[in-house]
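This report concerns only the one structure given below.
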Amino acid sequence: MAGRPRSSRSSAAPIADDMIRLNWTRNSSSNIVISSEDNEIMYEISSPNLFTNRVTTITRLDKSSGEKVFAGEIAWKALQIQNQVRIGWQNCEWMLAREWLNEPNNKGISTARTFTGAQGAKYRWKVRNLKRH
C-alpha cells in the first residue's frame, strides 16, 4: 500500500515531572517508526501479515552502536484478552498484555495505560491527536 505516511502523536511519559512526546509514523501498512520530537528514531514496530504471522516485533535503536536491539514482542490471539507480550527487560517470558499494560482507574473513557520500565520507572501512555490520512 503506497501513499502518504499515516501518523499520530502519542506520549509515553514517566509519571514523574518529565514528559516525553513521541511521534508515530506509519511507513508501510505493517511498519511503524517511533521518533522523538527532534526526529530521532527510537523504536520500530514491525507487524508482518497478521493473517499468517501473528507476532509484532518491537526493536529500539541503540544510540552507541547504531544497532537495532530487541525490545519486545506482541502475540495477537483470537480474543483480545488473550493477547500476550514479552518484554526484553522482563526475562523475555510471555505474559498477558493486560497484565503488563494496565488501565489506570479513570472515570469515563480514556486511552491512558501504565507500565513499569526497565529500571522500575513507572510510565503512563496516552494516545493523543490521532490523525488518519
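The values are calculated or read from the model by the stated rules, or taken from the named source; none is laboratory data. Bear in mind that the values here come from a model prediction, so they are computed numbers and not experimental data. We place every Cβ from the backbone using ideal geometry, glycine too, and count neighbours over all the protein chains shown. These accessible areas exclude ligands, DNA and RNA; they are computed on the full protein's heavy atoms, side chains included. Shrake-Rupley method; radii C 1.70, N 1.55, O 1.52, S 1.80 Å.
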Scanning the range 77-96 for residues that are surrounded by 11 or more Cβ atoms within 10 Å (Cβ to Cβ) and within 20 Å of Ala121 (Cβ to Cβ) gives Val85, Arg86, Ile87, Gly88, Trp89, Gln90, Cys92, Met95
When the residues of the range 1-20 are filtered to those that are closer than 17 Å to Lys126 by Cβ and surrounded by fewer than 13 Cβ atoms within 10 Å (Cβ to Cβ), which remaining residue is modelled with the lowest pLDDT? Ile15
Could you check the range 41-76 and list, in sequence order, the residues that are open to solvent by less than 70 Å² (accessible area, probe 1.4 Å), part of a loop (DSSP other than H, G, I, E, B) and among the charged types (D, E, K, R)? Asp62
